[in-house]
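Read-outs: derived from the displayed coordinates by stated rules, not from any lab. Bear in mind the structure is a predicted one, so any value in this text is a computation, not a measurement. Cβ sites come from the backbone with ideal geometry, for glycine too, and all protein chains shown count toward neighbours.
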Amino acid sequence: MTLATSHFVRNLVLTALMSLLCSCKPHEDAPSPSNSGALSAVELAKLKAASDRGSGDAMYRLSIYYLFHEQDDKEGWAWMEKSAESGNADARMAIIDHYATRESSEEKAYSETLRQKWGMNASDN
């Protein structure tokens, strides 16, 4: 597992734990995946519909679904970026962490650019 993946997984686990502790559903149109990570066709359609209406939480859930269940990095990161641009803090931190842990200095610098753009401190993650 790469360092970027481990940071992303850490953030994902923390998000899941917080969701369990809060025991609240962030958006009525955004069903959570089952324990297996699979979504029914109806649940997937609801997530896509909620995403089309601008739900950053639904976009984030789609990104997790595509990254971890479908293992489709291109689709997963595309949804992650849309979620981040919509204001989803978890998606923003995942993207910042992704670039911060890369080898190239350009990608690390991009991470800092995003951190400043989105007003996030290094202590936020």
| request: Tell me the GluC sites (Glu not before Pro) within region 30-116 that lie in a loop according to DSSP and have at most 15 other beta-carbon atoms within 10 Å. | output: 70, 103
| So what are the ³J(HN,Hα) numbers for region 108-114, from phi and the Karplus equation (6.51, -1.76, 1.60; θ = phi - 60°), rounded to whole Hz, Gly and Pro as x? | 5, 5, 4, 4, 5, 4, 5
| task | Excluding residue 79 itself, calculate the net charge of residues whose Cβ lies under 14 Å from the Cβ of residue 79, where each Lys or Arg counts +1 and each Asp or Glu counts -1. | result | -4
| request: For residue 89 and residue 104, compute 0.36 nm times the residue count separating them, minus their Cα-Cα distance, and round to one decimal in nm. | output: 3.0 nm
| Length released on extending from residue 73 to residue 42, taking residue separation times 0.36 nm less the Cα-Cα span | 8.9 nm
| remark: In order over region 73-86: 3J(HN,Hα) from phi, Karplus 6.51/-1.76/1.60, θ = phi - 60°, whole Hz, x for each Gly or Pro, gives 4, 4, 5, x, 6, 5, 5, 4, 5, 4, 5, 4, 5, 7
